[in-house]
Amino acid sequence: MKKYQLAGIGNAVVDVISRSDDSFLDHMGIEKGIMQLIERERGETLYAAMGNRVQTPGGSLANTVAGAGALGLKTAFIGRVKNDTLGKFYADAMTNEGIAFVNTPVEGGELPTSRCMIFVTPDGERSMNTYLGISSELGPDDVDEDVCAEAEVIFLEGYLFDKDKGKQAFMKAARACKAAGGIAGIAISDPFCVERHRADFLKLIEEEMDFVIGNEAEICSLYQNGDLEADLAAVGAICPLVVCTRSGDGVTILRDGVRTDVSVKKVVPVDATGAGDQFAAGFLYALVKGHDMATCGKMGTIAASEVISHMGPRPEADVKTLFEAAGLS
Ligand SMILES: OC[C@H]1O[C@H](O)[C@H](O)[C@@H]1O
C-alpha cells in the first residue's frame, strides 16, 4: 500500500470570489467565462472593487486533490506559496483538509502567493483573473521524487507547462511515480497553453502519460482536426486513457480504443467554478478504487454537479453519500 493514492502538482492559488453582474464585468473590462492572467496592479484594482468577497483555497489541480481527499483518498499536493499571509492561509487550509502540503512556504523573494479574483454572474458563469505570483515558478527542485514514488497516481496541471522549469518538474514527477509502479496523467487546463507548446504537450502525452483529462476545447486543441471525433481518436492513438468532458453533452471516455459515453442532466449552475476540477476528483477517485469507465464517468459528473450547486471550487456536501444515492459505491 502506497502512502498516497493521489498526488498532484499545480498552481497553489488563493481564490477571492464575489458575485457581480454583467455590467460590472463590462465596466471593469473583464472577459466573461475564461481564465485570464493579470498583473499584480490589475489584481489589486479588481480586489478593491469586489463587494462581499470570500477567500478560499483554490487552484485547479489542488481543487481536484482536495475533492479526492474529501472522498477518502490519501492525497498530497506539490505547489509553491510564499511565507506571506495568503501563503500561510493556503498551506494551513490544505493541511486542515487532510492533504499533505509537501513544499515548505518560500521565504523572501519578490513574488507573493498567487491569487485569483473570481466574479460569478447571475447565470452561474465564472470569470477568473489570476495573478500567478510565486506558484508558476515551480520547477524540478520543488519536486520530491520520494513523494511521487509514494503515489499510486500523479496528476499534473497543464497550466504549469508554460515555463521550461514546469515541464522539467512534470517529467521528474511522472518518471519517479511510474518507475515505482504508479501512473501519471495530465489535466490539459487551457487550449491557449497548448497553442504555445503543442509539440511538447504531444510529446509528453505520448511518451509519459497514462491518461489525459480535458474539456472539448482542450482535447481539440491538441490536434486541431476541426472535429471532436477525429481529435479524440488522434489523442486516443497516443494515450491509453482519454477523458473528454463535454459540458451539457456529458463525458466521452476512450480507454484502449473502447469508448464509453456518460450523459449528464443539464442544470443552471450557481457557480461554475471548479466543475472540471471536481469532475476529475470523482473520476480519479473511482479509477483508484478500480471501477469501470462508466462508473468513473458517473462519479465524476456527480462530483461536478455538487460543486456547481454552490459558490466555491471545492465540495461542501458529502459527495460519497451522493454516489450512494445514485446507486454507486
Ligand atoms: O478551476 C478553477 C480554479 O482555477 C483557478 O486557478 C482558480 O484558482 C480556481 O479555483
**Request:** May I ask you to work out the translational diffusion coefficient for segment 190-289 at 20 °C, viscosity 1.002 mPa s, via Stokes-Einstein with Rh from the Kirkwood sum over Cα pairs, reported in whole µm²/s?
**Result:** 152 µm²/s
**Item:** Compactness of the chain as Cα Rg over 2.2 N^0.38 Å, two decimals
**Value:** 0.92
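Give the carbon-plus-sulfur fraction of the accessible surface of segment 1-138 in %, rounded to a whole number; probe 1.4 Å, heavy atoms of protein chains only. Spell out each step's value before the answer.
Numbers: 2760 of 5700 Å².
Using a 1.4 Å probe with all protein chains present, segment 1-138 comes out at 48 percent carbon and sulfur.
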**Item:** Accessible surface of T295 - all protein chains present, 1.4 Å probe, nearest 10 Å²
**Value:** 20 Å²
**Asked** Taking only C-alpha pairs under 8 Å that are 6+ residues apart, what is the relative contact order of the chain in percent?
**Response** 17 percent
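Quick one: order E137, E110 from most to least accessible surface, probe 1.4 Å. Write out the running numbers ahead of the final one.
Details: E137 45, E110 165 Å².
Per-residue accessible area, sorted high to low, gives E110, E137.
What do you get when you divide the Cα radius of gyration of segment 253-329 by 2.2 N^0.38 Å, with N the number of residues?
On the way: Rg = 12.2 Å, N = 77, 2.2 N^0.38 = 11.5 Å.
My calculation over the Cα atoms of segment 253-329 gives 1.06.
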**Prompt:** Taking the chain as a Gaussian network, where each spring joins two C-alpha atoms under 10 Å apart, which residue of E97, E229, E145 fluctuates the most?
**Reply:** E229
**Request:** In debye, nearest 20, what is the charge dipole magnitude of segment 64-138 about its Cα centre with +1 on Lys and Arg Cβ and -1 on Asp and Glu Cβ, if you could check?
**Result:** 140 debye
**Prompt:** Can you put M171, M293 in order of accessible area, largest first, using a 1.4 Å probe?
**Reply:** M171, M293
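What value in Å³ per residue do you get for the convex hull of the alpha-carbon atoms in segment 242-286?
76 Å³
Pop out the carbon and sulfur fraction of the accessible area of segment 236-308 as a percent, whole number, probe 1.4 Å. Don't skip to the end; give the middle numbers.
On the way: 1450 of 2810 Å².
The computed percentage sits at 52.
Normalised by the number of residues in segment 107-226, what is the relative contact order in percent for Cα pairs under 8 Å and 6+ residues apart? It would help to have the intermediate numbers written out before the result.
On the way: 181 pairs, mean separation 24.1, N = 120.
That works out to 20 percent.
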**Message:** I'd like the accessible area for S305: 1.4 Å probe, protein heavy atoms, all chains in place, Å² to the nearest 10.
**Reply:** 60 Å²
**Request:** Post the alpha-carbon centroid distance, segment 227-270 to segment 14-29, in whole angstrom.
**Result:** 31 Å
**Request:** On the full set of protein chains, 1.4 Å probe, figure out the accessible area of L322 and give it in Å² to the nearest 10.
**Result:** 70 Å²
**Message:** Let me check against my output: what whole-number percent is the relative contact order of segment 180-258, with C-alpha pairs under 8 Å and at least 6 apart?
**Reply:** 26 percent
**Asked** If you project the alpha carbons of segment 59-131 onto their three principal axes, what span does each projection cover, largest first, in Å?
**Response** 39, 36, 15
**Asked** With charges set only on the Cβ (+1 for Lys and Arg, -1 for Asp and Glu), what does the dipole of the chain come to about its Cα centre, in debye to the nearest 20?
**Response** 520 debye
**Message:** If you scale each eigenvalue of the Cα gyration tensor by 5 and take the root, what three semi-axes come out for segment 12-59, rounded to whole angstrom and sorted largest first?
**Reply:** 17, 13, 11
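Multiply the residue separation of D146 and R246 by 0.36 nm, subtract the distance between their alpha-carbon atoms, and state the gained length in nm to one decimal. If you can, show how the numbers build up before the last one.
Working: separation 100, 0.36 × 100 = 36.00 nm, distance 3.57 nm.
Length difference between fully extended and current span is 32.4 nm.
Ordering R53, R175 by how much accessible area each has at a 1.4 Å probe, largest first, what is the list?
Accessible-area ranking of R53, R175, largest first: R175, R53.
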**Message:** Give the list, by residue number, of cysteines in the chain with no other Cys Cβ closer than 4.7 Å, or say none.
**Reply:** C116, C193, C220, C239, C244, C296
**Asked** Which shape class, rounded, prolate or oblate, goes with segment 48-94 when its Cα gyration tensor gives a ≥ b ≥ c as root eigenvalues, a/c under 1.5 marks rounded, and past that a/b bigger than b/c marks prolate?
**Response** oblate
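The values are calculated or read from the model by the stated rules, or taken from the named source; none is laboratory data. If you're wondering where the values come from, they're calculated on a predicted model, not measured in any experiment. Heads up, the Cβs are rebuilt from the backbone with ideal geometry, glycines too, and the neighbour counts pull from every protein chain shown. SASA here: full protein model, heavy atoms, side chains in, ligands and nucleic acids out. Shrake-Rupley method; radii C 1.70, N 1.55, O 1.52, S 1.80 Å.
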